[in-house]
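First up is the structure itself, then whatever we jot down about it.
The values are calculated or read from the model by the stated rules, or taken from the named source; none is laboratory data. Since we're looking at a predicted model, the values are computed, not measured. So basically every Cβ, Gly included, is an ideal-geometry build from the backbone, and we count neighbours across all protein chains shown. Protein only, heavy atoms only, side chains kept; ligands, DNA and RNA dropped before computing areas. Shrake-Rupley method; radii C 1.70, N 1.55, O 1.52, S 1.80 Å.
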Amino acid sequence: MIAVLKQGTTETQIENLSTWLKNQGLDVHISHGSMHTVVGLVGDTAKIDAELLESLEIVESVKRISEPFKSANRKFHPDDSVIEVGNTSVGGDIFAVMAGPCSVENEEQVMAIARSVKAAGATMLRGGAFKPRTSPYDFQGLKADGIELLLRAKEETGLPIVTEIMNANHLPLFEDVDVIQVGARNMQNFELLKELGKTRKPILLKRGLANTLKELLMSAEYIMAGGNENVILCERGIRTFETYTRNTLDISAVPMLRELTHLPVIIDPSHATGVARLVKPMALAAAAAGAHGLMIEVHNDPKNALCDGAQSLTPDAFADVMRAVGTVRRALAESEAN
Ligand code: PEP
Ligand code: MN
């Protein structure tokens, strides 16, 4: 349920309303939008008398939210959410680009890639330390040592780091990680999501291989229900009958999610296609569709990468994508201004 407040409502009036609602056992979420202040109510709202609420002097209208996701719902928070990440952000005017290797392999590799993606304009460094591999015999990542190497690259380049968690018991290792990634395979690992909800770290939540947008939003809701509202959504392709590409990129997820939620939405064209030469056209499509950013795999020596070499861009190819994305973003801004 949401209550839209009249313009000119004072902070004290909002405070009093909020206390009254909390005393009825509800979680209260206040969003100061550009037009109106919206009070979102989460919990058992059946016991709330909507007519009584609507009759209050400061309340303009009351609506029940039919979707099962509440905190993530755009109706709760009409303006886009901007998630602060170190010296940058996701969801605001900055186009977030998280780039780096599928797996952190060694110091030389991660340092070289970090320097080159920074020079090309990436806003964050991504790299896998704990890797969810289909085969138990494949490289599983450098684990804690991988996070150490990412932190060294962060120290040198100043780029915030993004890396995947697979087990809540590893959380102490993620203390200095800027964005914690939940991979596609863990999108519905609800116990992990609940633990991440107790932190205040930005969480990059990737869409599951065969999950609907509603399920993605319900997983975001698990994190937000714990009090952590710093959730970034990532479309990374879904399973279809197509085999030329690793997955099928659902570009329509961007405008659809942007209607449904205030959370930032980024695209991962690398895992979506599995093919390096398809990353650029899909990155451009993502920017044109209104994504808030990209996650792209970059390797200094793709042929010898320990993981996902076929979809990894060389630093030069990545710089080319960045230039082209800039052109699309400028064209989009121009068309929006007209
Ligand atoms: C990754 O980003 O390295 C990854 C494993 O992606 P996904 O979970 O989308 O497969
Ligand atoms: Mn990968």
Taking the stretch 93-110, which residues are more than 14 Å from ligand 2 (Cβ to nearest atom) and either open to solvent by 20 Å² or more (accessible area, probe 1.4 Å) or closer than 14 Å to Asp268 by Cβ (or both)?
Asp93, Ile94, Phe95, Ala96, Val97, Asn106, Glu107, Glu108
Let me confirm something: among Leu332, Leu257, which residue is assigned to a helix (DSSP H, G or I) and crowded, with 19+ Cβ neighbours inside 10 Å?
Leu257
For the stretch 1-24, name all the residues that are in contact with a helix residue (DSSP H, G or I) (Cβ under 8 Å, 6 or more places away or on another chain) and either among the acidic types (Asp, Glu) or modelled with pLDDT under 95 (or both).
Met1, Gln24
Quickly run through the stretch 213-254 and pick out the residues that are within 16 Å of ligand 1 (Cβ to nearest atom), of a type in the set (Ser, Thr, Tyr) and surrounded by fewer than 20 Cβ atoms within 10 Å (Cβ to Cβ).
Thr240, Thr245, Thr248
What about Ala119, is it over 19 Å from Ile203 (Cα atoms), out of contact with any helix residue (DSSP H, G or I) (no Cβ under 7 Å at 6 or more places or on another chain) and more than 16 Å from ligand 2 (Cβ to nearest atom)?
yes
For the stretch 118-142, which positions are under 22 Å from the mean Cα position of the chain (by Cα) and more than 12 Å from ligand 1 (Cβ to nearest atom)?
Lys118, Ala120, Gly121, Ala122, Thr123, Met124, Leu125
Restricting to the stretch 148-159, what's the tally of residues that are away from ligand 1 (no atom under 14 Å from the Cβ) and either touching a strand residue (DSSP E or B) at 6+ places or on another chain (Cβ under 8 Å) or free of Cβ contacts under 8 Å to residues at least 12 places away in the same chain (or both)?
7
